[in-house]
Amino acid sequence: MTRWPRRVIPAIAVAVLVLAACVATTVSLIQRLVGAHEFLSYDTVADHLHATTWHDLPVLLAGVVAAVLGIVLLAAALWPGRAVVVPLADEDAMSAGVRRRGLRSALRGTAGAVDGIGTERIRLRRNAITVSAHSDRIGTDGLPDALRETLTHRIGQIGPPPVHRVRATLRGPRTGHPS
């Protein structure tokens, strides 16, 4: 049930290049049909292409650039991105998932409910969840463990995604001069 993100940037790059080539060709052909001064002369391009042989350096460079660009675009299309939907445990043989943003929001709310935690930042990794929290308390003994246990319990309630560990780091109060 894992949905992968779309490859928007490579698709836009290819679409813009193809559109530019189509517009240049169309403008040149319309200008030729109307009899106006051509922006890109068909005769000049045709003469240049007919004079070019397969052994010329520009042909070799264009082939190499096209091959490298094709390989890069193919790799971008096949390389898996970050999952948009994180699968949950399927105890009832029923597929279900939660969006990464929704899971992060639920865990942020749970972390904020722990007494003594002020601000928190949740990072979802492949097999781990990392929480960086800030507390205004001076004595923070046991607070990271309480935060870790609370989040582990909440993950169990949601329906465990494949998370093997929860890490919690806690920063104490900021020392500064009152303004």
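What follows is calculated from the coordinates using simple rules that are stated; it is not laboratory data. Since the structure is predicted, the reported quantities are computational estimates derived from the model, not experimental observations.
Whole-percent P(r), the stretch 22-106, all Cα pairs, 5 Å bins from 0: 2, 11, 9, 9, 10, 10, 9, 6, 6, 6, 7, 8, 5, 2, 0.
What fraction of the Cα pairs in the stretch 100-159, stated in percent, has a spacing above 18 angstrom? In whole percent, the long-distance tail amounts to 27.
Taken over the Cα atoms of the stretch 1-66, the convex hull encloses 135 Å³ per residue. For the stretch 118-127, putting each phi into the Karplus relation 6.51 cos²θ - 1.76 cosθ + 1.60 with θ = phi - 60° gives couplings of x, 10, 9, 10, 10, 10, 9, 9, 4, 10 Hz, in residue order, rounded to whole numbers and with x for Gly and Pro.
Across the stretch 1-152 the C-alpha pair distances fall into 5 Å bins from zero in the proportions 1, 7, 10, 10, 10, 9, 8, 7, 6, 6, 6, 6, 5, 4, 3, 2, 0 percent.
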